[in-house]
Structure formats: C-alpha cells, structure tokens
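Below you'll find the structure, written out as structure tokens, and then a few comments.
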Amino acid sequence: MTGTHWVTAGQLVELLGDQGWQPPVYRDLAERLRLLVMDGQLPDGVRLPSERELSAALGLSRTTVTNSYAMLRDLGVLAARRGAGNFVHQPEGGMASSLLPVTLAADEDNALVALNTASSTAPPGLSRAYQAAAERLPSLLSGTGYFPDGVQPLRASLADWFTRRGLSTSPDQLIITVGSLSAWNVILQALVDPGDPVLLESPTYYNAIEACRRLGARLVPFPITPDSWDPERLQTLLLRSQARIAFLIPEFQNPTGTWLDEDQRRAAARVLNRQQVITVIDETLLELRLDGDPERTPMGSLLDNAITIGSASKSFWGGLRIGWIRAPKAYVRRLIETQATMDNGAAPYEQLVVTELMADADQILEHQRRRMRTQRDHLVEQTRAVLPEWEFAVPRGGLSLWFRLPTESSNLITALARKRDLVLTPGPRFYPRGGGRRHLRVPYVAEPAVLTEAIRRLAVTWQESKSSPTDSGRRAPAELII
C-alpha cells in the first residue's frame, strides 16, 4: 500500500467506499476487508489501523471493528503481533495466483484461466531474432558488459524510429531500461521527492500508481473515461495541486482504451506547456492499432518538456524485459546516474534481440495486430451475447476491454471468479485515490476458446454476485479530487 507498510484509517475508509452497511455490520465489514486483501489492494504484511482509529473514521462502534478483526484473524486473513497491531496475511495462493499465466487449455471446468495480465504470447520470428542477436553478441564481449545508457545499435534504431514518427531524436537522448515500469521508476527516483504531487489519470496503469506510492509521492488523480478527457479539468487540477510532473497514456490507455485524437492532444499540450509540467508519456501500447488507423502525432512532439517511455513487452513479447526512455538532453545524465544505482541497465543480449525485431517490425506487428483484433472481436461478441447488461466501448487498439458493471460489484466478482479458477483484476486497482467499484478490466490476450470459457465462468459469477448480500444497497463513492 505504501513504502512504510501501513494503511491509515483515512486511506482504508477510501478503499471501503461510502455505502450502507448490511447487518450484522461486523460481518459485512470483515467481508469487505477480506475482498480488499484477496484482490491485492491490501498487500501481504500491511499493518491495519487500530480498532479505535478505524471505528472513529467509519463512525462505527469499537466493538464492531474488534469483532471484524477477530473474524479475519480466525479466517487467517489477519495476523496479530503483540504490541504492534494487526497485519494482513495473504491466504495461501492469494498473491501467487495473480501471477499465473494464461492457460490455453480451457477445455475442462477446472482449468486455470488467468486474464489479469495484459500481455500476449510470442509472435513468429522471435526465435530467429534470438539467433541473429547471438551472432552479433561477440562484438560486445570485449567490454565489461555494462552499458549505462544501452547498446548503441538499439539506441540508433529507436532514434530513427522516433524521428520517422515526427519526434526528432538522437541516440544520445535514449536510455535503455528493464521495461517501461523500470523507466517510470528511474524517472520518479531522479525527478520526484517524497511528498511531491504527481498527476496521474484516474484510472491508470496499476503499477504506475504503486511506484508513486512506494516513493511516497502525493497522488493527484485526473478523472477520465473512454469518451471523456477534459483539458480544462486538467488545468484546474494542475493549478490546485501545483504538480510539476504528470504521467499520461495517450495511446490506448490502460485500462480504459482511450486514444487521444489530434484535437485532444493539442489541447492537452497547451495546458501542460502553460503550466510547465514535466510530462511522462507512456507509449507502451502505441503499436497495437487494431483497425488500420494511421498513427497520431506523438505527444512528445507537442510538449516543451516531455519524457517518452516505451517497451517491447506489449508489441513483441513480455519475456523481453526491454524498455526505453527518450528524454531531453538536460535530463539524460541524471537519469543514467539514477538507473546505475537501481539495476545497472538491461541485459545487452536482449537489447540486441529487440534491435533485430525492430528491423522486421512491420511483418511481426501485423501478425500481432491481426491476432489481437480477432481475439478482441471474439470477446466483444461473447460478452454482448452472454452479459448484455455490461457496458463497454470497443477500443481501436490495446489489449483489453474496460467494463462498466450495473452494480458496485467489481471486487466481489473478482473474488467469486477466483473460486472458478478465473483470475481477473478488479477496477479499484487502477484508481490512484479510490473508485472503480463498477469497473472490471478483461484483457483479450488468450485464444478465442479460452475467452469463451472465461465469459462462461464470468456469467455464472455475475449471477452469483447478484444474490450476495455484500453487493446490495451500495452506491458509488465520491472520488477524491485534489
């Protein structure tokens, strides 16, 4: 939850939401806390507020909170430490199950279907890229193997790629990292101090939020939806919060699928330039345009102070832990020095593999797009047929659908689905400061047969959730806007 491994009473109230309690109240509170643990919003080892603090924050009796904590200890969800308080204890398999891969043999009722990771399997041609990279590797063996900014062939290829897209770039503006999340962590460590305000879209990429929390940054949520991205609200939030760094995903935003059009990009750029904000642009999903649309103007080319990050993990393969930072030259040395204190950069062999893939990118990416388009359309068709009450917009790219549910049941559905070996990520995980109980992300990264089975299980889970007492009488909590 935070770098200090505790959650305050106020933070826990935000996670629980503003909604009526079902009798007996202590059992309802315990069930809601258990769901937060199961979906990872209260990670293993986090200390909960004292019974006195939580009862005051919730407006409940201390006896109610005491009984709830006792019930959770009996279930093995909490562990008490003498003189220290109550600590979250993830049930066996709780966190591990969230890391399991997609199972492609979903022809049995008990086969695991894990759709919590928006990343596809490897495309054809990857083995050839590894072989070609192995032939180039001897040219690097005479050195130490440490490349603070990355190997030159990959930086040169990326510089050409950025320049062709309309963002003039030289190789010395590029730093190779261990994935785009590592790139974001390097930027945070280099440019943000604990307590500094950082603006993020709400919802946004879960790990980007967690990186800010670990640093101790102050989260400034900028609410968006698939069809609403308001530059005026962005300006209001920047003025009110005094945030000087922002993290935005203009290309098939994770999780909403939002793809900023040309007018939105220019309007956003005017606001960000006016406020002199360092804007980190995440282009991880840029290449996954599924409907033949042309690429749009790079946000980095419209901004005075932009840092662009990207990765090979979504467009090529998740096993390639290679990302990059494209930064103004004024930041490059500081970013390289920061990365050196964290992981000394990415492995050179994998950097050469990505260099080879970029040389044959058109063919490989067309295969990836065709596969993702087929899987997206299949998931859309299945959902409309089986879960017609669920609302969603069909994204023109990216890797997942973002559902709006008829009820505030995202956490409950996710927990119930796990009983059927269906692993999903609930909406609240994507919100910096609370929200998302009506939303659910479902990636279309598995074969059609697996997606059909996933929707079948999800439909059964949805029916079960409607009869659950923990789902009745809820209303959407007000999102905290700074």
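Can you tell me how much longer the chain between TYR349 and ASP172 gets when fully stretched, taken as 0.36 nm per residue apart minus their C-alpha distance, in nm with one decimal? Write down the numbers at each step before the final one.
Working: separation 177, 0.36 × 177 = 63.72 nm, distance 2.00 nm.
Result: 61.7 nm gained on full extension.
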*Estimated FRET transfer efficiency when R0 is 45 angstrom, pair THR144-ASP227 (beta carbons, to 0.05)*: 0.30
*Return an integer: the convex hull volume of the alpha-carbon atoms of segment 187-274, in Å³ per residue.*
87 Å³
_Please list, ordered by chain and number, the residues whose modelled amide H lies under 5 Å from the amide H of TRP6; skip anything fewer than 5 residues away on the same chain._
ARG47
_Can you tell me how segment 365-424 classifies by the Cα gyration tensor, rounded, prolate or oblate, using a/c under 1.5 as the rounded cut?_
prolate
*Förster-model FRET efficiency, 45 Å R0, VAL386 and ARG136, C-beta, rounded to 0.05*: 0.35
*Neighbourhood charge, 12 Å Cβ-Cβ cut-off, centred on ALA359 and excluding it, Lys, Arg +1 and Asp, Glu -1*: -2
_Accessible area (Å², 1.4 Å probe, nearest 10) - THR121_ = 70 Å²
_If I stretch the segment between THR341 and ALA79 completely, what's the gain in nm (0.36 nm per residue apart, minus their alpha carbon distance), one decimal?_
90.8 nm
*asked:* If I ignore ligands, DNA and RNA and count only protein heavy atoms, how much of LEU320 is accessible to a 1.4 Å probe, in Å² to the nearest 10?
replied: 0 Å²
*Could you work out the local net charge near PHE87, counting Lys and Arg as +1, Asp and Glu as -1, over the other residues with Cβ closer than 11 Å to its Cβ?*
+2
*Report the net charge of residues surrounding ASP193, where surrounding means a beta-carbon distance below 14 angstrom and charges are Lys +1, Arg +1, Asp -1, Glu -1.*
+3
*Extending each Cα 7 Å along its Cβ direction at THR236 and ASP44, get the distance between those two points in nm, one decimal.*
4.3 nm
*Setting aside same-chain residues fewer than 8 positions from LYS419, which lysines have a Cα under 23 Å from its Cα?*
LYS466
*Extending each Cα 7 Å along its Cβ direction at ARG266 and ALA156, get the distance between those two points in nm, one decimal.*
3.7 nm
_Crossing angle, helix 206-215 versus the chain [Cα axis fit, 0-90 degrees, rounded to tens]_ = 90 degrees
*Under a point spin-label approximation (7 Å from Cα along Cα-to-Cβ), what is the ASP193-ASP293 distance to one decimal in nm?*
4.1 nm
*Quick one: accessible surface of HIS378, probe radius 1.4 Å, all protein chains present, in square angstrom to the nearest 10.*
40 Å²
*Give the distance, in whole Å, between the Cα centre of segment 65-91 and the Cα centre of segment 118-189.*
46 Å
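The values are calculated or read from the model by the stated rules, or taken from the named source; none is laboratory data. None of these values were measured; they are calculated from a predicted model. Quick reminder, even Gly has a Cβ in these numbers, built from the backbone with ideal geometry, and neighbours come from all protein chains shown. Surface accessibility is based on the protein's heavy atoms, side chains included, excluding ligands, DNA and RNA. Shrake-Rupley method; radii C 1.70, N 1.55, O 1.52, S 1.80 Å.
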